[in-house]
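Participant: Below are the structure tokens for one structure; questions will follow.
The values are calculated or read from the model by the stated rules, or taken from the named source; none is laboratory data. Predicted model only: the values in this text are computed from it and were never measured. Cβ atoms come from the backbone with ideal geometry, glycine included; neighbour counts cover every protein chain shown. What goes into the accessible areas is simple: the full protein's heavy atoms, side chains included, and nothing from ligands, DNA or RNA. Shrake-Rupley method; radii C 1.70, N 1.55, O 1.52, S 1.80 Å.
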Amino acid sequence: MRSRRASGASASERQPLWARPDELEDNDNKDPNNKRHLGLFSTALLLTNRMIGAAIFSVPSSIFLSVGSVGAALSIWVVGIILTFCGFYIYLELGCLMPRTGGEKVYFDTAYPRPYRLASTLYAFYVLFGFPGLASIVVADNALLAFNIATNEAGQRLTAVGVMALVTACLSISREWSVRIVNSLTLLKLATFLLILATAFAIVVGVLPRNVDTGVDFRQPFAGSSTTVYDYTVSLFKVLESFLGWNSASMVLGEVKNPRKTLKVAGLLGVGAVGILYLLINVSYFIVATPDDISRAGVQLVARLLGNIFGSAASRVTAAMVALSTFGSMISTAFAVTRVIRELAVEGIVPAADILSKSSKSGNPATATSVFMFAPSVVAVLLLPFGDAYAFLLDVNQYLLVMVYGAVVVGLFIIRQYVPAADYPFRVWTWVPYLFLACQVFLLLSPLASSNGAGDTSLPFWLAPAVSFFVIGLGILYWRLKSFVASSGDEPFWTRRDNVESYGSVAAS
């Protein structure tokens, strides 16, 4: 038997790494910060709301333009669904083992205890450079279009900042109302997607007029497919970006009732429902539009489909759908990420920890936490020029996310060395983490091998990976500076034995 624990922890301080059954329910706990209040329904809707954003309205067109055929485009979506499920099952294993709020932060602390707090600090930099508020630009632009409001660039920027302020306000009310808002927006989203599918079905059966041959795209589905690996890499990035949020429940597991069972069922329902919806909606697009229309349409692809019902108002209806979907996704993202920031602040990893570690009376993170989360996005929205700058920041975030996913999989293999298989509530099939890790390595390296030296923006294709590694370097520098400033004597504070907390006694056969 081996014991994996941080040095300096006494025997009385050692706690099991994994949660005991009696720790998974706390109905008698009166502390609103620790009360488990998210049931199966709310957890599933949290996942669904986070995943369904603006991407499904615009990404299908750009993917088709990259890969060149309907068959190749649909195949990329199938691969994306498989990889998303692989990631979900990896997080399910870790979440069932450690059902605590924090997600990747918890897994990194457990798998990488040395150097002390370095992994958590690097993860904090990923969260900081995630720019979740950039989606407010999509909300603002489409909301203005939906209400037929003309404004200049300054007005668009201020509207986007107002959207972030509205999200902050929604999270500053009671925790129960925050959950109700998330649930309501998710149900409204699902209703709009069902409207799109119903419209496509009505066109196929002849209830609505047909403007094109509905079967032309499927007679030779792979004709014209691209033979360039880079085209498929960029498309896969976009598909996986469309599924972002499948791991949201792991960030709030400390608030989920019966977390092991709830995470398993809610994840299957949420990820499965979104995957099926995305596939059906892509098929619907190809039913109602020709290949040339699809490659040029962008978000107007949905307007073309809904034009059979709403006529000239279809563009405004589509804009309202995009704004609604993106706004709902922003609230779900903020709901989860603010809780991660609070956990990071509790351990003093982020600046202003005393303020950011606080909670409201209802149990939501303090309003300052939302302000901290959106601050980099506000700066970007107000100062950066519209266009490629925003796409570039998203590329940087995606590249950092690939590193995070890869580190989680490696961490899973490390944790497995110390936890007996019999003690696992759930253990994913061995091939799943290997497949998911191989995908992350591929996504990490392939953008560096652009055949023509061009990326998906006017900026050099290598710049996003370079900036991502620069962010990692900043995280390491911050960690070193923080340990130096807080040092006592000659030994850095973050590596002193009496300050190293126990990660538990972890036995291995």
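Participant: Students often forget the sequence filter, so: which lysines lie under 21 Å Cα-Cα from Lys35 once same-chain residues fewer than 8 apart are removed?
Facilitator: Lys105, Lys257, Lys261, Lys264, Lys358, Lys361
Participant: Separate question: Defining a contact as two alpha carbons under 8 Å apart and six or more residues distant in sequence, what relative contact order in percent does region 32-488 show?
Facilitator: 34
Participant: Expressed as a rounded percentage, what relative contact order does region 242-365 have, with Cα pairs under 8 Å and six or more residues apart? All intermediate terms of the calculation are to be shown ahead of the outcome.
Facilitator: On the way: 74 pairs, mean separation 23.7, N = 124.
In percent, rounded to a whole number, it is 19.
Participant: Express the carbon and sulfur contribution to the solvent-accessible surface of region 32-488 as a percent, rounded to the nearest whole number, probe 1.4 angstrom.
Facilitator: Using a 1.4 Å probe with all protein chains present, region 32-488 comes out at 68 percent carbon and sulfur.
Participant: Going by average Cβ neighbours within 10 Å, how do the peptides 263-271, 173-181, 423-431 rank, with the highest at the top?
Facilitator: 263-271, 173-181, 423-431
Participant: Nearest 20 debye, what's the magnitude of the dipole of region 32-488 about its Cα centre given +1 on Lys and Arg Cβ and -1 on Asp and Glu Cβ? Before the final figure, lay out each step's value.
Facilitator: Values: 29 positive and 20 negative charges, 276 e Å.
Approximately 1320 debye in magnitude.
Participant: Moving on. Give me the accessible area per residue for region 91-132, probe 1.4 Å, as a whole number in Å². Let's see the in-between values first.
Facilitator: Numbers: 910 Å² over 42 residues.
With the other protein chains kept in place, region 91-132 gives 22 Å² per residue.
Participant: Tell me, what HN-Hα J-couplings in whole Hz come from the Karplus equation 6.51 cos²θ - 1.76 cosθ + 1.60 at θ = phi - 60° for each residue of region 428-443, using x for Gly and Pro?
Facilitator: Result, rounded to whole Hz: 6, 4, 4, 5, 5, x, 5, 5, 5, 5, 4, 5, 5, 4, 4, 5.
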